[in-house]
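Data first, discussion second: the structure below is written as structure tokens.
The values are calculated or read from the model by the stated rules, or taken from the named source; none is laboratory data. Nothing here was measured: the structure is a model prediction, and the numbers come from that model. Note: ideal-geometry Cβ built from the backbone for every residue, glycine included; neighbour counts use all protein chains shown. Note: accessible area is taken over every heavy atom of the protein model, side chains too, but ligands, DNA and RNA are not part of it. Shrake-Rupley method; radii C 1.70, N 1.55, O 1.52, S 1.80 Å.
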Amino acid sequence: MEAAAGPDVWFLSLPLMTKVWLGSTAVVTIAVNMQLMDFRDVRWINWEAVYGDRKELWRIVTPFLYVGRFEFNTLVCFLLLSQFSQRYEQGGPYNTGGGGRTADYCFMLLFLMTTTLATLPVLSKALEYYYYNQHSATTMSARTMPVIFSRTLIYSLLYIWSKRFREAEANIYGIPIPALYLPFVHLGYSMFMGGSYIDIVQGLAVGHCYYFLVAVLPLQRGGRGLLKTPQFLIDWFHGPEITVSATAAEHLAEHQPPPRQEGEQLEQEEVQTTTTTRPDGHSPSEPEQLPMSDSSSASAQPRENETFENPRQQSERNHQEESQSTKNSSSNKQHNWGESGRRLGDE
């Protein structure tokens with residue numbers, strides 16, 4: 001009886017980007033909760049901390065990898081990340097130049113992270129306007145502005161997956177739900193339970209921006225999209241190769257001849273066996289007309305390892321065959337005259 005596969009086997013079986021994302025998120029989240037890293041060193045502050053005198057460049061990445069304290073919502077985020085990242089990467093991401101493979105998935109994550117950071121000023125102004133009549137705008141904006149973006153990135157992925165595989169079946173706490181409505185069900189559940197939902201709304205908005213640019217806008221521009229996976233990502237993940245755009249690939253698939261049936265393929269192979277290069281200048285696609293004889297049916301089949309002669313060699317060979325046949329006929333006549341003489345002598 002085979003032993004059950006452990007967590008290490010399951011983790012190694014994950015696709016590349018899912019493995020890197022899930023592993024990095026687990027390492028950062030566990031390190032902060034075990035106080036091996038300070039939360040103030042991984043959260044987002046501002047762009048001045050990144051590009052100023054402090055040069056804390058890691059803050060561009062770490063806010064997307066820390067999920068939160070050890071609680072139920074953290075477990076839910078890990079389940080969503082492992083499940084839907086794996087299903088999206090294995091099912092085939094949107095093709096933005098890399099053939100719907102790992103390079104396109106990596107480019108999508110980079111776009112989502114960049115858009116999340118770029119929309120922070122817009123989100124800050126919206127929160128200030130919302131809380132202006134109740135409390136101090138500066139205080140409420142600072143309290144409600146997200147400083148970690150892991151849930152934003154996860155729900156962006158969930159939204160894109162629901163658009164990419166809208167006919168798929170999903171469930172939340174055992175209740176089956178169409179994939180198209182799953183992100184909004186999570187949003188409504190979080191609002192109903194009194195939890196934070198600002199990062200979920202931001203994630204759905206960022207995910208919709210990516211979906212619009214790669215799936216909706218190309219239909220209005222004749223198949224030309226604005227987002228394209230950089231060539232260095234394609235070379236990094238898949239090696240240097242000739243890439244074909246999604247539109248060109250679909251065009252080639254539409255104009256490809258239909259597959260032949262088995263009987264048609266056998267007939268075509270039989271014709272090809274009698275198709276040879278003719279020395280008299282005829283097209284090689286024309287089947288060679290081999291002579292038929294009553295004495296042997298083997299002459300109707302092409303001879304193996306048959307070599308072709310030029311016209312001079314062929315005429316010499318025909319002359320030799322004619323002279324040989326003349327000698328055979330003369331010897332046959334002499335033999336017949338000898339037989340006739342012996343018969344007359346006996347009589």
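Points to keep in mind about this one:
- Every residue from region 40-64 that is among the basic types (Lys, Arg) and part of a helix (DSSP H, G or I): Arg40, Arg59
- Scanning region 1-37 for residues that are at pLDDT below 90 and small (Gly, Ala, Ser), we see that the one that is least open to solvent (accessible area, probe 1.4 Å) is Gly6.
- Here is the figure for region 163-174: residues that are under 19 Å from Val206 (Cβ atoms) and either in contact with a strand residue (DSSP E or B) (Cβ under 7 Å, 6 or more places away or on another chain) or among the small types (Gly, Ala, Ser) (or both) total 0.
- Checking each residue in region 47-62 for being open to solvent by less than 60 Å² (accessible area, probe 1.4 Å) and either among the aliphatic types (A, V, I, L, M) or over 21 Å from Asn73 (Cα atoms) (or both) picks out Ala49, Val50, Gly52, Glu56, Arg59, Ile60.
- Of the helices (runs of 4 or more DSSP H) entirely within region 113-207, those holding at least 2 residues that are open to solvent by 10 Å² or more (accessible area, probe 1.4 Å) and modelled with pLDDT of 90 or more occupy 150-164, 182-192.
- Restricting region 217-241 to residues that are aliphatic (A, V, I, L, M) and more than 18 Å from Tyr105 (Cα to Cα), the residue that is surrounded by the fewest Cβ atoms within 10 Å (Cβ to Cβ): Leu219
- Yes/no for Gly98 being surrounded by fewer than 22 Cβ atoms within 10 Å (Cβ to Cβ) and under 17 Å from the mean Cα position of the chain (by Cα): no
- Residue check, Ile177 touching a strand residue (DSSP E or B) at 6+ places or on another chain (Cβ under 6 Å), free of Cβ contacts under 8 Å to residues at least 24 places away in the same chain and closer than 18 Å to Arg87 by Cα: yes
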